[in-house]
Amino acid sequence: MQAAARKKLPTGIQTLSEIIQDGHYYVDKTGFAQRLIAGGKYYFLSRPRRFGKSLFLDTLKEIFEGNQALFVGLEIHDNWDWLRRFPVLRISFGGATLADRDDLLESLYLQLENYERQFGLPARYQHPRSRFSDLIERLHHQSGQRVVVLVDEYDKPILDQISQPLIALALRETLKDFYSVIKDQDAHIRFAMLTGVTKFAKVSLFSGLNNLRDITLDPNYSALCGYTDADLDQVFAPELPGLDRAKIRKWYNGYNWTGQAVYNPFDLLLFFANRQFRPWWFETGTPGFLIKLMAERGFYTPRLAQMRTGPELISTFDVDQITVEALLFQSGYLTITAEEELLSGMVRYTLGYPNLEVQFALNASLLGAYTQDASSSDQLRTRLYDLLVAHDIPALRELFQAFFSGSPDRSLPNHWYTQNPIAQYEGFYASVVYSYFASQGFDLRVEDATNHGRIDMTLILPQHIYLFEFKVVELLPDGRALQQLQDKCYADKYRALGLPISLIGIEFSRQARNVVGFECASL
């Protein structure tokens, strides 16, 4: 059988017509579109950046406008009335950063003006809300069909200014007023969908638009954006020869919204183009604000591997109530790895890294903020990998001390002294050590449960197992770190693997601001 021919990679392309007409690969999402249209009227979807939200909205636009030729051979083609065409208004904020409320008003003015010109309807109002409302109503009367409203990156103006709270609040209030039109003009709207990265609290941005159905965590739409394993094997089969399929999955798969797991499409397309494993998606937009916020709040980075939370904490966000958990989840740096129904009927989620790319790149970025020395941390990460593989324990001890060496201001951020109780210093040191290890992509387990307690950190390499216990010397009522590993027989859990095991107790000192104890026992 002749192998399928390779096509163009649609990297960064957000218009369906260009993908179809120019011979690019296309993963058919029209079945999702058809089910949405048939099942409701108002929708909201949150997904991380560069996940295909804009392309999906463009697909909806082409469907409602009746551009049948684009859908030949796709799922929706034989299940849609192509003679019935609807006027579509697509509002997008995916372009340039808007500096303030005046910029936002100008953007709305220009977008509405373009639609008035397109449909031959002269402006009758200046204020964006009145103008938007009037345009919807007149389009309905002009065409005889109710209007489709699609809003792309609805939250981007606010997120671009999230570090400037007063500006962000002004932008939020302006958008809140603008979006309320969608509910007020219900009689003239056939379908509406808003997409973005974050979900703002209903009381702030959506108080006037409480009829939206949020499908963000609907398992039926988990794969609405992104590529599934089946998509790789079928649509992208010509790209796979010579590549390690399991490694691709480990690096880029794993995003999940309580349904089918997906790959980040931007990652895969750049990977296929370059044939190299790199954090392609992460490198396009390092989350500077998030990294800074985590460092300022002293976020305990081992929690990243396994974080339990309720839906309310990860699904709401606001300018004046920013939670790290919500930002991590909604931005795509953590994903849902497990779902549990409690006795009360409530749901609890476990969050973790979606894949190796995020684990590696996020922790590498965090190290620069936590140690306040990004250049040095990069060199130390490289050294750590070599020493662990070589099982060079003496050099490893020196490296741990180097993790916190340098000037006192650089080795330990001052706010850890002025804001945190002494018990949290162990958390800071453990966070730095953990991020050094997590940025390597190792098989790493934190708070590893055994019959006798929890191991602070377990590292499993192909030829060796390391068990770590962390202590602060000012807080040692339970004995020294290595002694705890030995007394609680933590190694028993891994003896059956038949690999050498090293128990490493690491002790930090608040006064010395460094490692003051490093003991190792081999089994």
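Assorted remarks:
- Between the beta carbons of L499 and A395, assuming R0 = 25 Å, the FRET efficiency works out to 0.75 to the nearest 0.05.
- Nearest 10 degrees, 0 to 90: helix 30-39 Cα axis against the chain principal axis: 70
- Shape category assigned to the chain from the gyration tensor of Cα positions, a/c cut at 1.5: prolate
- For the range 134-189, the carbon plus sulfur part of the accessible surface works out to 49%, probe radius 1.4 Å.
- Our helix-only sum for the chain, with -39,500 (n - 2.57) per DSSP H run of n ≥ 4 divided by its residues, gives a mean residue ellipticity at 222 nm of -11500 deg cm²/dmol.
- Ligands, DNA and RNA left out, the accessible area of the range 1-96 computed with a 1.4 Å probe is 49% carbon and sulfur.
- Apportionment of accessible area to carbon and sulfur, the range 227-267, percent (1.4 Å): 51
- Whole-angstrom gap from the range 272-325 to the range 151-205, using each part's C-alpha centre: 22
- Sorted into 5 angstrom bins from 0, the C-alpha pair distances of the range 110-209 split as 3, 12, 21, 24, 19, 12, 7, 2, 0 percent.
- Farthest towards the positive end of the charge dipole of the chain, among the residues P122, T323, S107, is the Cα of P122, using unit charges on the Cβ of Lys, Arg, Asp and Glu.
- Å² of accessible area per residue within the range 351-403, as computed with a 1.4 Å probe and no ligands counted: 38
- Heavy atoms of the protein chains alone define the surface here; on that basis the range 60-110 has 51 Å² accessible area per residue at 1.4 Å probe size.
- Beta bridges per DSSP, both residues in the chain: antiparallel share near 55 percent.
- Across the alpha-carbon set of the range 181-302, the Rg to Rh ratio works out to 1.07, Rh being the Kirkwood radius.
- Prolate is the label for the range 220-266. Its Cα gyration tensor axes, ordered a ≥ b ≥ c, give a/c of at least 1.5 and a/b above b/c.
The values are calculated or read from the model by the stated rules, or taken from the named source; none is laboratory data. What you are looking at is a predicted structure, and each value in this text was computed from that prediction instead of being measured. All Cβ positions, glycine included, derive from the backbone under ideal geometry; neighbour counts span all protein chains shown. For accessibility, only protein heavy atoms count, side chains too; no ligands or nucleic acids. Shrake-Rupley method; radii C 1.70, N 1.55, O 1.52, S 1.80 Å.
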